[in-house]
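Encoded as structure tokens, the structure appears first; notes follow it.
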Amino acid sequence: MTVPSDSSVPTPGTPSLLRAINDRAALEVLLARGTLTRPELSRLTGISKPTASQLLARLEDSGLVMRDGVREGTPGRTAELYRIVPSAAHVAGLDVTPRRIIAAVADLTGAVVGEHVLATPGRANVDAAARAAAAVDGA
């Protein structure tokens with residue numbers, strides 16, 4: 001019997017990798033659908049309700065998700081709502097031309113939270129990175 005080389009042996013999913021995959025799936029669904037209950041998140045991602053509870057607690061502890069009230073008027077227990085924390089992360093984008101730099105900053109949900117236009121007349125002996133940083137700071 002021959003033993004396959006290491007490259008042909010499948011790598012099993014580690015618990016931390018599986019948690020990261022589930023967390024990402026939950027964040028993507030929350031970004032796409034907005035505020036959801038734990039059972040809704042479980043149904044939409046295909047993960048079990050206990051796993052959904054664990055990942056929501058983990059995402060809440062990390063500051064990526066927050067509780068956002070309760071949903072009443074449906075059969076069964078009152079369901080807590082969860083949503084993305086928009087300020088948990090930001091991204092900046094730059095539009096650079098010889099005459100100006102436009103910087104825009106968006107939150108985790110993609111909403112633009114700041115924009116700034118920095119005029120850039122003259123290009124001789126300038127620190128382009130410093131100008132870009134100034135535009136982002138302005139946004």
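The values are calculated or read from the model by the stated rules, or taken from the named source; none is laboratory data. These numbers were taken from a predicted model, which means no experiment stands behind them. Cβ placement follows ideal geometry from the backbone for every residue including glycine, while neighbour counts extend to all protein chains displayed. We work out accessible area using only protein heavy atoms, side chains counted, and drop any ligands, DNA or RNA first. Shrake-Rupley method; radii C 1.70, N 1.55, O 1.52, S 1.80 Å.
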Next item on the list: Would you mind telling me the share, in percent, of accessible area of the chain contributed by carbon and sulfur at probe 1.4 angstrom?
Entry: 56 percent
Next item on the list: Over the chain, give the accessible area per residue in Å² for a 1.4 Å probe, as an integer.
Entry: 66 Å²
Notebook entry, point to check: Where in the chain are the DSSP H helices whose alpha-carbon span along the long axis reaches 20 Å or more and whose Kyte-Doolittle mean is at least 0.0?
Noted result: 15-33
Item checked: Exposure of Arg100 as accessible area (Å², to 10), given a probe of 1.4 Å and all protein chains -> 60 Å²
Note to self: Would you work out the Kirkwood radius for region 91-138? I mean one over the mean of 1/r across all pairs of different Cα atoms, in Å.
What the structure shows: 11.0 Å
Item checked: Answer label for Kirkwood radius over Cα pairs in Å (calculated), chosen among (i) 17.3; (ii) 17.7; (iii) 18.6 -> (iii)
Checklist line | FRET efficiency for Arg67 and Thr109, using Cβ-Cβ distance with R0 set to 25 Å, rounded to 0.05 | finding: 0.90
Next item on the list: For the chain, set up a Gaussian network in which alpha carbons nearer than 10 Å are linked by springs, and say which option among Arg33, Arg77, Arg43 fluctuates the most.
Entry: Arg77
Margin query: Modelling each spin label as a point 7 Å along the Cα-to-Cβ direction, I'd like the Ser8/Glu28 distance in nm, to one decimal.
Written below: 3.2 nm
Next item on the list: Tell me what the chain gives for mean residue ellipticity at 222 nm when only DSSP H runs of n ≥ 4 count, each as -39,500 (n - 2.57), the sum divided by the residue total, rounded to 500 deg cm²/dmol.
Entry: -11500 deg cm²/dmol
